[in-house]
């Protein structure tokens, strides 16, 4: 079973890098999201019986399947980046940008009807299409080959022009960028490269709402901060936002963080191992479609490179394990519907906690009976056919 890892040496982050996920950024992002109709914080779910089974003190899962009725977290980033772009066009300061301010007759007249374009494995494009529709603009979405038809139709249901291309994810991103330049569209992409970093940084800032909510929920429940974070990654924007937010909030008490990727698209693992950004090319045949990205985000990479304790490259069986542990929970624990990309962090946690062959990594991370672990289920059953197939199977690992 595919499982490789590299233990990383953490270093202090510069104030400039940490400014992307500062406490004020987290507050501003959540303040904007609160102005969107239907906003509610997603649940922070405690799984005490799973924790007991895994031999840790606590397992908490932030369930992003409840986000805006879109079954995934991605709308947080796309909506915030779109709002910041529109606010900039309207001359609004970040703290003045609200959903309502972008919809006034004056704003609509000044902005006209714009077209936003993106590439996606599904969830990000759905979020961009949703935000564009709510704000009265258009969206064009390109998807990589092999994308699930259900995810395509969910994007089209938001009024976007969407198609599955013959490209892999990174080439679909290049197509979206080229179309933006040719047609005067605005690229809302959740990865970055030299010369395209402002909008991806805003997307990361939008993701920090998850961290801001989590901190509030921990305080309200009178729970101690987590000692460990298990975060999944594609290009690394979400993982960088969560880790950066934790560093900004808890500093030296920041949770020990493990990054998990599919072994078919493990660009962060390879980059950490090489000590420099190392892309993955070619086809990426993992069911963790939302994580099948071959090129690290240049904005988030400095946070992950310096702040993550370990990077794990793993096969689909670990995502399947996480899906089953959450969807068919221990007696007394609530069920969480978590899709392929959402559950891999729990699957990797379970493998590390219970399998003798990963004892060295478990020791390096300090994962033991006193550990309080936070995972984020970033999506629900966005491919329902595959979700049913996985849930009907047996656990591929003994835990």
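Bear in mind these aren't lab numbers, they're just calculated from the coordinates by the rules spelled out. Bear in mind that the values here come from a model prediction, so they are computed numbers and not experimental data. Positions of Cβ are backbone-derived with ideal geometry, glycine not excepted, and every protein chain shown enters the neighbour counts.
Taking the number of Cβ atoms within 10 Å of each Cβ as an exposure proxy, the fewest-first ranking of 116, 3 is 3, 116. At 7 Å along the Cα-to-beta-carbon direction for both residue 150 and residue 223, put a label point, then send me their distance in nm to one decimal. Label-label distance for residue 150 and residue 223, simple model: 2.8 nm.
Ordered from longest to shortest, the equivalent ellipsoid semi-axes for the chain are 32, 22, 20 Å, each the square root of 5 times a Cα gyration tensor eigenvalue. Could you give the angle, 0 to 90 degrees to the nearest 10, between helix 198-220's Cα long axis and the longest principal axis of the Cα atoms of the chain? Taking Cα atoms only, the helix is inclined about 50 degrees. When the chain is treated as a GNM with alpha-carbon contacts under 10 Å, the residue of 326, 247, 13 showing the greatest mean-square fluctuation is 13.
Shape call for segment 1-52 from the C-alpha gyration tensor, a ≥ b ≥ c root eigenvalues: rounded (a/c under 1.5), prolate (a/b greater than b/c) or oblate? Taking the square roots of the gyration eigenvalues as a ≥ b ≥ c, segment 1-52 is oblate. Counted over the chain, the DSSP beta bridges are approximately 25% antiparallel. The value of relative contact order for the chain, using C-alpha pairs under 8 Å at least six residues apart, is 23 percent. What the Cβ-Cβ distance of residue 9 and residue 359 gives, at R0 = 22 Å and to the nearest 0.05, is a FRET efficiency of 0.60.
Ranking of 183, 124 by neighbouring Cβ atoms within 10 Å, starting from the fewest: 183, 124.
Please give the FRET efficiency for residue 384 paired with residue 252, using the beta carbon to beta carbon distance and R0 = 41 Å, rounded to the nearest 0.05. Intermediate values should be presented prior to the final figure.
Numbers: r = 43 Å, r/R0 = 1.05.
It comes out at approximately 0.40.
Determine the distance separating the Cα centre of segment 207-281 from the Cα centre of segment 40-82; give it in Å without decimals. Here the answer is 13 Å between Cα centres. Angle of helix 169-183 to the longest C-alpha principal axis of the chain, folded into 0 to 90 degrees and rounded to 10: 10°. Cβ-to-Cβ counts within 10 Å put 46, 79 in ascending order as 46, 79, the fewest first.
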